[in-house]
Amino acid sequence: MLSTPPLALYAHFPWCVQKCPYCDFNSHKAPEQIQEQRYIDALLEDLALDVPDHVNRPLVSIFMGGGTPSLFSPDSIARLLEEIKARLPVSPDLEVTLEANPGTIEHGKFAAYRAAGVNRVSLGAQSFDTEQLTKLGRIHGSADIALAVEEIRSAGIENFNLDLMYGLSGQTREAALADLRQAIALAPTHISHYQLTLEPGTPFFHRPPELPDDDHCYAMQVECQALLADAGYQQYEVSAYAQAGRQSVHNRNYWQFGDYLGLGAGAHGKLTHNGQILRTERQKQPRQYLGSPVAGRLVLHQAVAPEELPFEFMLNALRLRSGFAPELFESRTGLCWSSIQPQLTQARARGLLEIDRGRVFPTELGRRFLNDLIALFLGG
Amino acid sequence: MKLIRNFSIIAHVDHGKSTLADRFIQSCGGLDAREMENQVLDSMDLERERGITIKAQSVMLKYKAKDGQIYQLNMIDTPGHVDFSYEVSRSLAACDGALLVVDAAQGVEAQSVANCYTALDQGLEVVPVINKIDLPSAEPARVIKEIEEIIGIDAEDAVLVSAKTGLGVPELLEEIVRRIPAPKGDPDAPLQALIIDSWFDSYVGVVSLVRVMNGSLKVGEKIRVWSSGRNYQVDKLGRFTPKSLACSELATGEVGFVIAGIKEIDGAPVGDTITLESRQCSAALEGFKQIQPRVFAGLFTVNSDDYEAFRDALAKLKLNDSALQYQPEVSAALGFGFRCGFLGLLHMDIVQERLEREYNLDLITSAPTVVYEILLTDGTTIYVDNPAKLPASNVTAELREPIIIANILVPPEYVGAVLKLCNDKRGRQKKMLYLGNQVSLQYELPMADVVLDFFDRLKSVSRGYASFDYEFSHFEAAPMVKLDILINADKVDALSIIVHRDMAYQRGRELVDKMRELIPRQMFEVAVQAAIGVNVVARANVKALRKNVLAKCYGGDLSRKRKLLEKQKEGKKRMKQVGSVEIPQEAFLAVLQIGREK
């Protein structure tokens, strides 16, 4: 029943020029001099530790996220990608994504990344409004975004994503739409359009900015969705919109409960091996991470209990508008479809879930109340 | 027996009873400093948190008096809140004397007056004690005069103490020995022991606190519980010092605990008599009069699977809370539960909290109500403790509401505000007397208004200086109507209340507005209506929530997301699903939060 799913690779780059007050990712203010060599070495050590259990599994995607991976030189990125490819087979249409901050792009850099093997860029634009960017603690201005896009294009990278936020402090619906129009005008292949969330442990959480209320945010969402659809961006996940054929291979793999290696400080991995689903996690603080021997960095290496699998699967798979086929649930979790019948029945009775022509997917209500839907699959 | 003194401390909340008790324990070496946690007697978590005493507790102290003799002082604690006057009379029944502790700055408070009368009625020697004399604002002379004027007992030789500093405490211990009489009783008569309190221990079964009136009780003897006629063998006897200390015998006049392998929850009811199987007494002790609960509410488990556990918990609680009454109730909205009778709202709160904490239950309480007397057209009289059971108007000849007599003591500067409050509550003034620095007011008030929020409002209009005590007086015809609450057009029986016709519209409006605040936004819009019969008198909508979605999820730390959703789910577990609407616990008690400010 449990079969080996596609394998992706995530490498984390934990440094930023400065930490943004809304960000809850594992990112840290960069030191004067980042020890690029040493960090890439560490990533490769992590890889060497993980690979033996997964040899011969072709990679479908490599994602370099952060933090700000674009703080690293193209040479370092090239070395990392070469070594990965030397250790693992890759699928012919391998997606290689690099996250970039529009404030860290020098002329010519993307061409060098391209040459290193990067074929997709995810650019953290967030907003085109100078005042908003300042409030968000971003180091770039709106002009930097356009410049970065120009660099990406001229480097020959056609496939790129823009991250954009809405529901910002003092933002009107018109302002949110104006932001989105500017993003669309740059013609990215993919737009990640998020509502700003106050995450625990962030400065925004402790001193929250005054945000538009739920009704306003929802109105923004609805109008932005319409605008995106009109511009040819189809929503395929809660916050992900793509042109035809340009959905993110890497993120889809998460949402389809595929496997991924997690390399680097604070990186999480999910791996199917020996009939079990394992979760891995590496030491979070860059200094500790770099100071530990490779095996000591692995702070979590644990099988997921079968009773937790339905929730973990649904947490991911129900984010997809098109949902999933019951067979995917069975092959990715190793559980019987019938084992979750009570929850499915309840979800349908509450109008949150539909099962039609071999697909299981959230209804319109279920997409809006996804947390309530997923919570039905929580154990206990 | 000559060396035993059984006494209680009567004091208003905050007048320093627990501090004084602690001081006695310390003076008599009951606990060393390390064991001396502040306020030992208030042992229940809840009592400590609320700073009040709910249940009777007892402590035996060894005191070496100036006459060289060692006395056994049994101090039996009494609750200090208006809701618990019944518990006070229970404790006093085991005593031969009482200390009336009055704050030297605040003076006499109404409940102390009422409790003091109970003590005098039971023939106890009352020793007035003026506490907190170390305070700069202390006015012992004025307070002594107040005691004489308001209570009418001689207070000239009142003992002046500061429980906080220990000043006057040695003198007070001497006075206890000198003024409180030794217990009377016949050591050779058949055993008669009064059960002052009982509680259920999951290891040993029922533990009872008793006062031996006649005869004596030894370990190994076979006892008989009078009311049930059941016999048990005494496994263990002991006293609280306040540590529990085993002994082989409890003699005439002594107070201590009995463990006799009683496994039935109701095996040793409070107020019952224990005698010996082999040598029975001829009659039961008088015990205590059964107290009538005044406030009724339905209690329901949030989770219907917990019903059995709930029934069991109520039975255990009832064992040492004889004022609590309950019987099964079925609510269309809330399912199976129990209609419970309480002494007052604080009692209700405490019972609910104890059930939730000690028995790990999640409970929903329906809107509390008082008991109404109803004369039916066929001439019969019935009593209704549940708005849902109010008979139809065409078979009702007369609806009568309970009226209480309230005795209020208040400093003159707040009299105006208190009079206004009483008038707002449809009160009728019976008496008003200026006594020393306080004014004594007597009012007739509708009980429904008193039990719901009178106490809190009285405190707020008098900045905490007014005190009051009340007793049931009579039933009186009143134009009351039933106000129903509808959620998404379905009547929720547990939310119905009975209100005065003149107040119905206003109450309906307030209730609906309050409900709108308390019901969280959910997937669908929720319509809340208040109606009298078929007439909707108020309406409010809880707007639908737009969405509940995590914006981001990228294979990272799932445990945080799981926790967030678990927390959301946990929050919902505390709510009751009524139809398709989730209603939080507090919303059922919205009625208690309205009508306060106009």
Scanning region B:566-582 for residues that are modelled with pLDDT of 85 or more, in contact with a helix residue (DSSP H, G or I) (Cβ under 8 Å, 6 or more places away or on another chain) and crowded, with 18+ Cβ neighbours inside 10 Å gives B:Glu582
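Report, by residue number, each residue of region A:203-224 that is more than 12 Å from chain B (Cβ to nearest Cβ) and either in a helix (DSSP H, G or I) or surrounded by 15 or more Cβ atoms within 10 Å (Cβ to Cβ) (or both).
Quick first cut of region A:203-224, residues more than 12 Å from chain B (Cβ to nearest Cβ) only: A:203-211, A:223-224.
Answer for region A:203-224, where residues must be more than 12 Å from chain B (Cβ to nearest Cβ) and either in a helix (DSSP H, G or I) or surrounded by 15 or more Cβ atoms within 10 Å (Cβ to Cβ) (or both): A:Pro203, A:Phe204, A:Phe205, A:His206, A:Pro209, A:Leu211, A:Glu223, A:Cys224.
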Within region A:348-380, of all residues that are under 18 Å from A:Phe329 (Cα atoms) and acidic (Asp, Glu), the one farthest from the other protein chains (Cβ to nearest Cβ) is A:Asp356
Scanning region B:171-198 for residues that are at pLDDT below 90 and touching a helix residue (DSSP H, G or I) at 6+ places or on another chain (Cβ under 7 Å) gives B:Ile196, B:Ser198
Only one of (1) modelled with pLDDT of 95 or more; (2) of a type in the set (A, V, I, L, M, F, W, C); (3) crowded, with 16+ Cβ neighbours inside 10 Å does not apply to A:Leu378, and that is (1)
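When you scan region B:345-398 for strands (runs of 3 or more DSSP E) that lie fully inside it, which ones turn up with 2 or more residues that are in contact with a Ser or Thr (Cβ under 8 Å, 6 or more places away or on another chain)? Don't jump to the end; show me each part of the working.
Numbers: elements: B:363-365, B:372-376, B:381-384.
Counting at least 2 such residues, we get B:363-365, B:372-376.
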Could you say whether any residue in region A:195-202 is under 25 Å from A:Met165 (Cβ atoms), hydrophobic (A, V, I, L, M, F, W, C), buried (at least 20 other Cβ atoms within 10 Å of the Cβ) and under 21 Å from the mean Cα position of the chain (by Cα)? yes
Contact list, first residue from region B:406-420 and in contact (Cβ under 8 Å) with a residue 60 or more places away in the chain and under 15 Å from B:Gly464 (Cβ atoms), second anywhere and in a strand (DSSP E or B) and acidic (Asp, Glu), beta-carbon distance below 9 Å, six or more apart or interchain, is B:Ile408/B:Asp469; B:Leu409/B:Asp469
Note on A:Gln302: of the conditions (1) within 14 Å of chain B (Cβ to nearest Cβ); (2) within 30 Å of A:Ala30 (Cα to Cα); (3) polar (S, T, N, Q); (4) surrounded by fewer than 16 Cβ atoms within 10 Å (Cβ to Cβ), unmet is (2)
For A:Glu327, indicate whether it is touching a residue at least 60 places away in the same chain (Cβ under 8 Å) and of a type in the set (Asp, Glu).
no
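Of the residues A:Thr68, A:Thr134, A:Thr97, which single one is of a type outside the set (D, E, K, R) and farther than 24 Å from A:Asn253 by Cα?
On the way: A:Thr68 fails: farther than 24 Å from A:Asn253 by Cα; A:Thr97 fails: farther than 24 Å from A:Asn253 by Cα.
Going through A:Thr68, A:Thr134, A:Thr97 in turn, the sole match is A:Thr134.
Is at least one residue of region B:185-199 surrounded by fewer than 17 Cβ atoms within 10 Å (Cβ to Cβ) and of a type in the set (A, V, I, L, M)?
Step one: filter region B:185-199 for residues surrounded by fewer than 17 Cβ atoms within 10 Å (Cβ to Cβ), giving B:186-190.
Add one more test, that the residue is of a type in the set (A, V, I, L, M), and what stays is B:189.
Yes: region B:185-199 contains one or more residues that are surrounded by fewer than 17 Cβ atoms within 10 Å (Cβ to Cβ) and of a type in the set (A, V, I, L, M).
Look at region A:152-168 and say how many of its residues are in a helix (DSSP H, G or I) and touching a strand residue (DSSP E or B) at 6+ places or on another chain (Cβ under 9 Å). Spell out how you get there, then give the answer.
Within region A:152-168, the subset in a helix (DSSP H, G or I) is A:152-154.
So of that shortlist, the ones also touching a strand residue (DSSP E or B) at 6+ places or on another chain (Cβ under 9 Å) come out as A:152-153.
Within region A:152-168, residues that are in a helix (DSSP H, G or I) and touching a strand residue (DSSP E or B) at 6+ places or on another chain (Cβ under 9 Å) number 2.
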Of (1) under 25 Å from B:Glu582 (Cα atoms); (2) within 14 Å of chain A (Cβ to nearest Cβ), B:Asp493 satisfies every one except (2)
message = When you check B:Val410 against the structure, is it closer than 16 Å to B:Leu314 by Cβ and crowded, with 21+ Cβ neighbours inside 10 Å, yes or no?
response = no
Given the conditions (1) closer than 29 Å to A:Ala30 by Cα; (2) away from chain B (no Cβ under 13 Å); (3) in contact (Cβ under 8 Å) with a residue 40 or more places away in the chain, every one holds for A:Ala267 apart from (2)
Within region B:75-102, the residues that are at pLDDT below 90 and of a type outside the set (A, V, I, L, M, F, W, C) are B:Asp77, B:Thr78, B:Pro79, B:Gly80, B:His81, B:Asp83, B:Ser85, B:Tyr86, B:Glu87, B:Ser89, B:Arg90, B:Ser91
For region A:362-374 the number of residues that are crowded, with 18+ Cβ neighbours inside 10 Å, touching a strand residue (DSSP E or B) at 6+ places or on another chain (Cβ under 7 Å) and not in a helix (DSSP H, G or I) is 1
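The values are calculated or read from the model by the stated rules, or taken from the named source; none is laboratory data. Model, not experiment: these values are computed from the prediction. Glycine also receives a Cβ, built like all others from the backbone with ideal geometry; neighbour counts cover every protein chain displayed.
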